[in-house]
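Engineer: For reference, the structure I am asking about is given below.
The values are calculated or read from the model by the stated rules, or taken from the named source; none is laboratory data. Because the structure is predicted, anything quoted here is derived from the model rather than measured. Here the Cβ positions follow ideal geometry from the backbone for every residue, glycine too, while neighbour counts run over all protein chains shown.
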Amino acid sequence: NAGVTQTPKFQVLKTGQSMTLQCAQDMNHNSMYWYRQDPGMGLRLIYYSASEGTTDKGEVPNGYNVSRLNKREFSLRLESAAPSQTSVYFCASSGRGGGEKLFFGSGTQLSVL
Amino acid sequence: AQSVTQLGSHVSVSEGALVLLRCNYSSSVPPYLFWYVQYPNQGLQLLLKYTTGATLVKGINGFEAEFKKSETSFHLTKPSAHMSDAAEYFCAVSDRNTGAGSYQLTFGKGTKLSVIP
């Protein structure tokens, strides 16, 4: 049971470089999410996709773009990385919103130098 | 917008002692309420949730939480701590409506639980 798979697990970027974080789920979930986790800040929602073909901004969307490629895949792109984007990124999925359990990937540790 | 307050960023208990992790939310309409646990270098996993019905909710690993509307609280408890309970715990809320708010899970800042042998 793979669940939610994120790649890569670790990444180091230089300021201004771009990269895409990949996420795939095999649970036939409609909704997918990208969160960032910073020490003492909890998790903050970057973007979410309530269903295939839709994406919406969360609490901290600036500097990020997302693509819901199909029902399984939801990618997060940093076009021009900044040190403030150093964080641990988590992808998650759920059947839908409204009280549903989120299933999380194991995270991507990103450092921007 | 929803907000969640977890009292205490670090809590230490002795093995076998009561675990009490506090969570308060700010919303005029009671939201959906969740507790998630994160073990080192892992993603989060759901401990328990309250959506409707009985206000005392039982979860995995012997944890339970009680929704108290009058206190806007959803505190997490476990009668007897085990070494394996050492982790970070997050309270979270989401709106009850069917709009965008229902997808936006708002997390507290987390409470790191240490269990002393």
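Engineer: So which residues in region B:65-80 are over 14 Å from residue B:5 (Cβ atoms), in contact with a strand residue (DSSP E or B) (Cβ under 9 Å, 6 or more places away or on another chain) and either polar (S, T, N, Q) or surrounded by 15 or more Cβ atoms within 10 Å (Cβ to Cβ) (or both)?
Structural biologist: Selection gives B:65, B:66, B:67, B:77, B:78, B:80.
Engineer: Is there any pair linking a residue in region B:95-108 that is more than 19 Å from residue B:52 (Cα to Cα) and among the acidic types (Asp, Glu) to one that is at pLDDT below 80 and in a loop (DSSP other than H, G, I, E, B), with Cβ under 6 Å and at least six apart or on different chains, and which?
Structural biologist: Listed pairs, sorted by first residue: none to list.
Engineer: State whether the residues of region B:89-106 include one that is polar (S, T, N, Q) and under 10 Å from the mean Cα position of the chain (by Cα).
Structural biologist: Within region B:89-106, not a single residue is polar (S, T, N, Q) and under 10 Å from the mean Cα position of the chain (by Cα).
Engineer: Restricting to region B:31-52, give me the number of residues that are more than 10 Å from residue B:89 (Cα to Cα) and part of a loop (DSSP other than H, G, I, E, B).
Structural biologist: Selection size over region B:31-52: 7.
Engineer: Quick test of your reading of the structure: residue A:23 fulfils all but one of (1) more than 21 Å from residue B:108 (Cβ to Cβ); (2) within 14 Å of another protein chain (Cβ to nearest Cβ); (3) in a strand (DSSP E or B); (4) in contact with a Lys or Arg (Cβ under 8 Å, 6 or more places away or on another chain). Name the failing condition by number.
Structural biologist: Going through (1) more than 21 Å from residue B:108 (Cβ to Cβ); (2) within 14 Å of another protein chain (Cβ to nearest Cβ); (3) in a strand (DSSP E or B); (4) in contact with a Lys or Arg (Cβ under 8 Å, 6 or more places away or on another chain) one by one, residue A:23 breaks only (4).
Engineer: May I pose another question? So, in region A:32-42, exactly how many residues are under 11 Å from the mean Cα position of the chain (by Cα) and within 9 Å of chain B (Cβ to nearest Cβ)?
Structural biologist: 3
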